[in-house]
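One structure below.
The values are calculated or read from the model by the stated rules, or taken from the named source; none is laboratory data. What you are looking at is a predicted structure, and each value in this text was computed from that prediction instead of being measured. Cβ placement follows ideal geometry from the backbone for every residue including glycine, while neighbour counts extend to all protein chains displayed.
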Amino acid sequence: MPIAQIESLDHEGRGVAHVDGKAVFIEGALPGEVVEYASYRRKPSYEKAHALRVLRASSQRVAPPCPHFGTCGGCSMQHLNLSGQTAAKQRVLEDALWHIARLKPEQIFPPIAGAGWGYRLRARLSVRYVASKGGALVGFREKHSSYVAVMDSCAVLPPHVSALIPALKTLVEEMSQPDRMPQIEVAVGGARTVLLLRHLEALAPDDLDRLRHFADAHGIIWYLQSKGPETVTLLHPATAALPSYELPDFGLDLLFHPTEFTQVNNGVNRMLVRRAMALLKPQAGERIADLFCGLGNFTLPIARLGAHVLGIEGSAALVKRAQENAMHNGLQTRCEFAVANLFEATGESVAAFGTLDKLLIDPPREGAIALVNALPAEGGPRCIVYVSCSPATLARDAAVLVHEKGYRLRGAGIANMFPHTSHLESIALFEK
């Protein structure tokens, strides 16, 4: 078997080596290690491989505590300690900013990190009924596969949700059509745990009774979804209130529907919001826009600190929820909201927002290229805080802000929102 010395980690957490002039991306290998590997995909300029044996181990290597690691595709970095994961993600951000935008932040912010286990309050669990594997499977998909991993627990889920996996398997097996329920979504908010069952056929009365009994026995709330998102309905308890999460630094409680986007890691989200507010420095008398505002995760803290805030979001349902959250927290007089497709922003549409002192931008993975292109080269907001879930699109947009719109990249840093995975959140500060 070939042997390689690992030079670095790539953006997916794989070890990078060069063998005979070709890049080799090796899963399960860490920088500084010497490993024996086997390739599973060969291309003219690169190979993808698995580490078979570690001949010289990194000091940051740890024994993965989860028995499913390596088979389950939910995690890719459990073999690297948490400080090593954070440092690797910081390098991914810095590399993206330099290679894509030719930018180096004036300051590297201290990384935001929280608990490594039990953090994942949102999850999408696949369900399969496979008689040859003993019945129902509930969990994440296997790595590089559409098969569902055989698992009875998950260390990144909250312990009480992880403990439900065996009971959920039994429940599925008892249903009248166990092969017609492909997915269970998890949403934990405060003291409420919601499970949303996706079912492809109508559920029989006995099935509905089983779900109700399960909810009562385990203290959860069932929602059902038969087709598209518009078919999501509350099943039991029929009077269950919406889940919510708190931002205690700002005295806020934000309600959300189980299908609405919220961050999966509440502890890291709290620190990320705190960091964003420290950089943005909202003041009374300022008018600030929160673009891609969602249900108000950043909008309401801005308002709580005294500024008047304009929240813009493409989803009418999320704008309605943000308005409700503003009222729920007594901030409706400092907030205004509007529905707009920011992916089609133009100079005219941005000018229609009115005079803005500062911006907070928190786009999805696609980034905000139309929006940053639409900003004026002269004047405009003097400060932009950009929260990103994709270092590549952040770097692309940063290049426009700095090289074309007259901003300086004052600082950037990462938030380890998804420990043990290669996913990272980042935050950057731009000033005129």
Q. Would you pick out the residues in the range 185-217 that are of a type in the set (D, E, K, R), surrounded by fewer than 17 Cβ atoms within 10 Å (Cβ to Cβ) and in contact with a Lys or Arg (Cβ under 8 Å, 6 or more places away or on another chain)?
A. 201
Q | Qualifying positions in the range 313-331 - under 16 Å from residue 244 (Cβ atoms) and touching a strand residue (DSSP E or B) at 6+ places or on another chain (Cβ under 8 Å) | A | 321, 322, 323, 324, 325, 326, 328, 329
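Could you tell me how many of the residues in the range 169-199 are in contact (Cβ under 8 Å) with a residue 24 or more places away in the chain and within 22 Å of residue 257 (Cβ to Cβ)? Let's see the steps before the verdict.
Narrowing the range 169-199 to residues in contact (Cβ under 8 Å) with a residue 24 or more places away in the chain: 169-179, 181-190, 192-199.
Restricting the remaining residues to those that are within 22 Å of residue 257 (Cβ to Cβ) gives 181-190, 192-199.
Qualifying residue count for the region: 18.
Can you tell me which residue within the range 377-389, out of those that are of a type outside the set (A, V, I, L, M, F, W, C) and at pLDDT below 95, is surrounded by the fewest Cβ atoms within 10 Å (Cβ to Cβ)? Even if it seems obvious, please write down each step before you answer.
Keep residues of the range 377-389 that are of a type outside the set (A, V, I, L, M, F, W, C), which gives 378-382, 386, 388.
With the extra rule that they be at pLDDT below 95, the set shrinks to 378-380.
Values: 378: 7, 379: 10, 380: 18.
Once the filter is applied, the top-ranked residue is 378.
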(Q) Condition check: outside any loop (DSSP other than H, G, I, E, B), within 24 Å of residue 230 (Cβ to Cβ), outside the structural domain of residue 371 (by TED's automatic domain parsing) and of a type in the set (A, V, I, L, M). Does residue 254 satisfy that? (A) yes
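Could you tell me which residue of the range 219-238 is nearest to the chain's Cα centre (by Cα), considering only residues that are in a loop (DSSP other than H, G, I, E, B) and free of Cβ contacts under 8 Å to residues at least 24 places away in the same chain? Explain how you work it out, then say what you get.
The initial filter retains those residues of the range 219-238 that are in a loop (DSSP other than H, G, I, E, B), namely 219-220, 226-228, 232, 237-238.
Add one more test, that the residue is free of Cβ contacts under 8 Å to residues at least 24 places away in the same chain, and what stays is 227-228, 237-238.
Values: 227: 24, 228: 22, 237: 29, 238: 30 Å.
In this case the residue turns out to be 228.
So how many residues does the range 263-300 have that are in a helix (DSSP H, G or I) and either within 12 Å of residue 362 (Cβ to Cβ) or among the acidic types (Asp, Glu) (or both)?
Start the filter on the range 263-300 by keeping residues that are in a helix (DSSP H, G or I), which leaves 266-280, 299-300.
The next check asks that each one be either within 12 Å of residue 362 (Cβ to Cβ) or among the acidic types (Asp, Glu) (or both); those that pass are 269, 272-273, 276, 280, 299.
Residues in the range 263-300 being in a helix (DSSP H, G or I) and either within 12 Å of residue 362 (Cβ to Cβ) or among the acidic types (Asp, Glu) (or both): 6 in total.
Suppose we filter 39, 59, 45, 126 for residues that are at negative phi, surrounded by fewer than 20 Cβ atoms within 10 Å (Cβ to Cβ) and under 22 Å from the mean Cα position of the chain (by Cα); which single one remains?
On the way: 39 fails: under 22 Å from the mean Cα position of the chain (by Cα); 59 fails: under 22 Å from the mean Cα position of the chain (by Cα); 45 fails: under 22 Å from the mean Cα position of the chain (by Cα).
Result: 126 is the single residue among 39, 59, 45, 126 that is at negative phi, surrounded by fewer than 20 Cβ atoms within 10 Å (Cβ to Cβ) and under 22 Å from the mean Cα position of the chain (by Cα).
How many residues, within the range 154-182, are over 22 Å from residue 205 (Cβ atoms) and surrounded by fewer than 16 Cβ atoms within 10 Å (Cβ to Cβ)?
Going residue by residue through the range 154-182, those that are over 22 Å from residue 205 (Cβ atoms) are 154-166, 169.
Filter again for surrounded by fewer than 16 Cβ atoms within 10 Å (Cβ to Cβ), leaving 159-160, 163, 166.
Summing the residues that are over 22 Å from residue 205 (Cβ atoms) and surrounded by fewer than 16 Cβ atoms within 10 Å (Cβ to Cβ) in the range 154-182 gives 4.
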